[in-house]
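Structure first, commentary second.
The values are calculated or read from the model by the stated rules, or taken from the named source; none is laboratory data. Source: prediction; values computed, not measured. Don't worry about glycine lacking a Cβ; one is built from the backbone with ideal geometry, like all the others, and counts go over all protein chains shown. These area figures cover heavy atoms from the full protein model, side chains too; ligands, DNA and RNA do not enter into them. Shrake-Rupley method; radii C 1.70, N 1.55, O 1.52, S 1.80 Å.
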Amino acid sequence: MRILIVEDEPKMASYLRKGLMEASYTVDTADNGKDGLFLALHEEFDLIVLDVMLPGLDGFEVLKRLREQKQTPVLLLTARDTVEDKVEGLELGADDYLAKPFAYAEFLARIRSLLRRSPRGVRDMLVIADLEIDLIKRRVRRANSRIDLTAQEFSLLQLLAERQGEVLTRTFITSQIWDMNFDSDTNVVDVAIKRLRSKIDNSFDRKLLRTVRGMGYVLDDQS
Ligand code: CA
């Protein structure tokens with residue numbers, strides 16, 4: 001499940017992002033309304049967490065313009081717990097509303113509830129060829145044999161599987177799995193990929209995890 005967070009306060013954005021990633025969601029962020037709207041319109045998300053008070057385009061304006069084209073579920077965040085704000089947000093097409101400050105547990109509960117209603121639905125299984133990834137039990141099977149992965153290997157596989165067919169750069173993988181940004185000359189990703197590949201691909205003729213030279217990695221079924 002992929003979630004977009006549009007929030008200009010860096011501390012709040014990183015707090016929400018970190019928590020959602022720990023709950024195994026794929027997270028993108030934007031720190032202003034203009035970039036948030038662009039991402040929301042041009043990419044596919046299961047849910048958007050949208051702060052109301054944003055520089056440039058505010059959250060209400062982003063929501064209004066988004067709803068002219070798309071029905072992606074939106075959870076509005078605001079610092080003002082007023083009836084007027086709530087009514088305006090819901091009238092513009094927000095699916096839910098949370099006033100700051102809020103408890104993280106409540107935030108996560110709202111997210112889960114919205115995702116259950118999401119048109120894309122909660123996926124509990126990802127399948128690529130004979131590779132099956134059970135997202136609920138966090139178990140992996142290939143050709144009906146169980147494959148044991150570490151938590152980090154599982155997250156890496158899930159990230160690749162959710163974006164199967166898409167080449168993921170080392171920088172992107174690093175930012176999603178290790179929650180940091182550093183130059184892609186590090187070999188952390190390469191080492192992790194090598195370990196994952198040894199478990200899911202090495203003993204099979206059909207290779208699913210490919211290296212795209214100079215670009216990154218892709219999980220797909222080419223045969
Ligand atoms: Ca704000």
Handout entry: Those aspartates and glutamates that a straight Cα-Cα span of less than 20 Å connects to Lys11, excepting residues fewer than 8 apart in one chain
Key = Glu22, Asp28, Asp31, Asp35, Asp51, Asp58, Glu106, Asp179
Fill in the blank from the handout: If every Lys and Arg gets +1 and every Asp and Glu gets -1 at its Cβ, then about the Cα centre the chain yields a dipole, in debye to the nearest 20, of 1020 debye
Handout entry: Percent of beta bridges antiparallel (DSSP, the chain, rounded to nearest 5)
Key = 50 percent
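Which percent of the accessible heavy-atom area of the range 7-105 goes to carbon and sulfur, probe 1.4 angstrom? Provide the component values of the computation, followed by the final result.
Values: 2560 of 4860 Å².
Accessible surface attributable to carbon and sulfur in the range 7-105 totals 53 percent.
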Fill in the blank from the handout: Out of Glu61, Glu91, Glu162, a Gaussian network model of the chain with alpha-carbon springs under 10 Å gives the largest mean-square fluctuation to Glu91
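When the gyration tensor of the chain is built from Cα positions, what are the square roots of 5 times its three eigenvalues, in whole Å, from largest to smallest? Could the numbers behind the result be given before it?
Values: eigenvalues 244, 64, 47 Å².
For the chain, the ellipsoid semi-axes come out as 35, 18, 15 Å.
Which whole-number value in Å² is the accessible area per residue of the chain, probe 1.4 Å? Write down the numbers at each step before the final one.
Details: 11440 Å² over 223 residues.
That works out to 51 Å² per residue.
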Handout entry: Karplus 3J(HN,Hα) series, Hz, for the range 33-43 with 6.51 cos²θ - 1.76 cosθ + 1.60 (x for Gly, Pro)
Key = x, 5, 5, x, 5, 4, 4, 4, 7, 9, 10
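Run the helix sum for the chain: -39,500 (n - 2.57) per DSSP H stretch of 4+ residues, divided by residue count, reported at 222 nm to the nearest 500 deg cm²/dmol. Don't skip to the answer; put the middle values down first.
Details: 8 runs with 88 residues, N = 223.
So the calculated ellipticity at 222 nm is -12000 deg cm²/dmol.
Over 25 Å between C-alpha atoms is what I'm after, so list which of Lys64/Lys100; Lys70/Lys207; Lys70/Lys137; Lys100/Lys137 land there.
On the way: Lys64/Lys100 21 Å; Lys70/Lys207 37 Å; Lys70/Lys137 32 Å; Lys100/Lys137 33 Å.
Pairs exceeding the cut-off: Lys70/Lys207; Lys70/Lys137; Lys100/Lys137.
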Handout entry: For the chain, with +1 on Lys and Arg beta carbons and -1 on Asp and Glu, the positive-most of Val188, Ser24, Ile200 along the dipole
Key = Ile200
Exercise for the section: Run through every distinct alpha carbon pair of the range 1-95 and return the Kirkwood hydrodynamic radius in angstroms, one decimal place. Expected result: 13.1 Å
